[in-house]
Structure formats: C-alpha cells, structure tokens
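First up is the structure itself, then whatever we jot down about it.
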Amino acid sequence: MIMTEVATVIERMNSLREDSTVPNNVKELLQEAVNQLRNEEDELALRVNAATSFLDEASNDPNIQQFTRTELWNIASLLEKMGGNGE
C-alpha cells in the first residue's frame with residue numbers, strides 16, 4: 001500500500017513539473033524530490049524526509065502561484081503521513 005501512495009505522490013509532483021506556470025527552479029526541486037523517493041537504497045523515512053525538504057524549499061519560492069504552493073503543501077502532507085508509518 002505504501003508503494004502505491006509513493007507512486008501517487010510522484011505522479012502529483014510530475015503533474016506540477018509539467019505545469020507551464022511553475023518556475024524552472026521549482027521544477028528542478030520537484031525532480032530532486034522524485035529522485036529521492038525513487039532511491040530504494042534508503043529507508044522510506046529517509047526518502048520521505050529528503051523529498052519533504054525539497055518540497056519545503058519549493059513552497060517558499062516567492063514566484064510560485066498560490067494554487068501551486070497549496071499543492072506542494074498537500075503533497076508534503078501526504079509524504080509526512082507516509083513517513084510516520086515506519087515501513
């Protein structure tokens with residue numbers, strides 16, 4: 001079930017990366033977050049923490065639109081719930 005949730009989060013981040021209104025530096029941070037989640041050499045909690053850190057940095061960008069910021073927060077919230085499962 002956790003891997004399905006990870007796939008859903010990655011899909012949502014990829015959708016944001018395809019949005020033409022999202023600045024390139026935010027798209028790069030989203031790609032880094034995706035890369036962290038896909039790195040199966042690390043425990044899920046470590047991957048989630050790293051990805052959340054990239055999302056936090058992206059959400060602080062002053063050039064993003066409010067709906068993008070809200071989506072970043074929503075994705076980060078999903079990640080935090082996953083990281084708390086300890087799997």
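Every number here is computed from the coordinates shown, using simple stated rules; none is lab data. Since the model is a prediction, treat every value here as computed from it, not as a measurement. Note that we place each Cβ from the backbone using ideal geometry, even for glycine, and neighbour counts take in every protein chain shown.
The label-point distance for Glu5 and Asn63, in a model that sets each label 7 Å from Cα toward Cβ, rounds to 3.4 nm. The length gained by stretching the chain between Asn35 and Arg12 to full extension, at 0.36 nm per residue less their Cα-Cα distance, is 6.9 nm. In the chain, the longest principal axis of the Cα atoms and the axis of helix 44-59 are about 10 degrees apart. In terms of Cα atoms, the Rg and Dmax of the range 1-57 work out to 11.1, 33 Å. On a 0 to 90° scale, report how tilted helix 2-17 is relative to the longest principal axis of the chain, with both axes built from alpha carbons and the result rounded to the nearest 10. Helix 2-17 sits at roughly 10 degrees to that axis.
Against the chain, whose longest principal axis comes from its Cα atoms, helix 24-38 is set at around 10 degrees.
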